[in-house]
Every structure is written in C-alpha cells, then in structure tokens.
Amino acid sequence: QGRAGAIWDLLQNDCMSPLLILDELDKANSNGDREDAAGFLYGLLEPSTASRFVDAAIGLPIDASMVSWIATSNSTADIHPAILSRLTVIEVNCPTPAQMPAVVASIHRQLLSNEDWAGWFEQPLSAEVVTELTALSPRAVRRAIEDAYASAACAGRRVVVPADVSNNRSSGHQRRQI
C-alpha cells in the first residue's frame, strides 16, 4: 500500500474544479513504451470514468470528473493516439521575428523583477542588444540575458552591450537547454 496520489490529494481541497498541468507530456514516453507512462490518463480524461476514479493506494472511488487538464508538449507525435484523442490540441507557433522584441522585453522585465542584482545595472536594454537577443528562441532568451549581464559585470560595466550577447553565443558559453 503506497501513499495517496496527486489526484486524491488535489480533491481533498476546497476547490471544486482544480486544474492540473502536465508539462511536456510528449516526454513521458521517453522509454519507448508509449502506454505505460501516461496510462493513468485514459480514465481521468473521460468524464464518465473520471467520476468513478479509484486511487490505488486509497481504494475508494472519488469523482475526478471536474478536474480540468492542460498538457503541454513540443510535439504530439510521441503522445499515444488514444490519449491525444481525449485532448483538444491547440498549436502555439513560435513567435515571429516581429514579435520577438516584445518577448525579449517581457522576459527581461520578469527577470529584473525577480533578481536582486538587477538594480546594479542601467536600464533598459539597448535596441542593439534586443536585436541580438531576438535571434534566439524564447527558451534561450532568459539564459542569454543572464549571461549577458554576467559578461557585462565581469567587464566592470553597468550596461549590457551587444557583444555581451554575441560573445556568449559564439564562444560556446551559452548553456544548453535541457
């Protein structure tokens, strides 16, 4: 007998319609057996069977039909078709080059609001620095901004210059995204 699962725990709270996010559902099947990792979802994604969900550790039926699900993935190709058929697929395209300055600005604002060291630097980023950053994927932008600030600090500057971004990209200092 194990510990109660996340669904049981979630439904013990006052929220009548909880939301669960499954991040990178396509990665759940990295072992090549596409049914095992996401097998628990078959019954939970169907309201009729979710209303009689039984947590293996508890052994009592509970109504999980009001749980809302959001799943993210980089591709739907590795999600079992039976699971995929229970989801509404909404494709989100990569930002266009015209949209990337706004993406960079948003990531930069969020980073500055969360980092104590940010107040040491002069703001905002120059248009030239933003142009360097827009060449990256949104996932890589935050890391590139952090690396650019570190590069500027190492050079004794309170302002980021385009070379702080391009040097980190071209010299292999950019951290790998996992």
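The values are calculated or read from the model by the stated rules, or taken from the named source; none is laboratory data. The structure displayed is predicted, hence computed values, not measured ones. As a convention, Cβ positions derive from the backbone with ideal geometry for all residues, glycine included, and neighbour counts pool all protein chains shown. The accessibility values were calculated without ligands, DNA or RNA, using every heavy atom of the protein model including side chains. Shrake-Rupley method; radii C 1.70, N 1.55, O 1.52, S 1.80 Å.
Give me the compactness ratio for the chain, meaning the Cα radius of gyration over 2.2 N^0.38 Å.
Details: Rg = 22.2 Å, N = 178, 2.2 N^0.38 = 15.8 Å.
That ratio works out to 1.41.
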Inset, instruction - For Trp69, list long-range residues whose amide hydrogen, built 1.01 Å from N in the peptide plane, is under 5 Å from its own amide hydrogen. - result: Leu20
Inset, instruction - Largest first and to the nearest Å, give the Cα extent of region 67-111 along each principal axis. - result: 39, 25, 15
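From the Cα trace of region 3-106, what convex hull volume per residue do you get, rounded to a whole Å³?
Working: hull volume 15.3 nm³, N = 104.
Here the figure is 147 Å³ per residue.
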Inset, instruction - Can you send over the solvent-accessible area of Leu45, 1.4 Å probe, protein chains only, in Å² to the nearest 10? - result: 30
Legend entry - Other-chain or far-sequence residues with amide H under 5 Å of Asp55's (modelled H): Leu60, Ile62
Legend entry - Top positive-direction residue, dipole computed over the chain with Cβ charges, set Ser48, Asn114, Asn13: Asn114
Legend entry - Distance in nm between pseudo-label sites at Glu91 and Glu24 (7 Å out along the Cβ direction from Cα): 2.2
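Largest first, how would Arg143, Arg3, Arg52 line up by accessible area (1.4 Å probe)? Walk me through the intermediate numbers first.
On the way: Arg143 85, Arg3 180, Arg52 145 Å².
Ranked from most to least accessible, the order is Arg3, Arg52, Arg143.
Fully extended, how many nm does the chain gain between Met16 and Thr49 (0.36 nm per residue separation, minus their Cα-Cα distance)? Walk me through the intermediate numbers first.
Details: separation 33, 0.36 × 33 = 11.88 nm, distance 1.76 nm.
Answer, rounded to one decimal: 10.1 nm.
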Legend entry - Alpha-carbon centroid distance for the pair region 125-166 / region 55-73, whole angstrom: 43
Legend entry - Estimated vicinal HN-Hα couplings, Hz - region 52-63 in sequence order (Karplus 6.51, -1.76, 1.60; Gly, Pro = x): 10, 5, 10, 6, 4, 6, 8, x, 10, x, 9, 8
Inset, instruction - Treat every Asp and Glu Cβ in the chain as -1 and every Lys and Arg Cβ as +1, leave all other atoms uncharged, and give the resulting dipole magnitude about the Cα centre to the nearest 20 debye. - result: 400
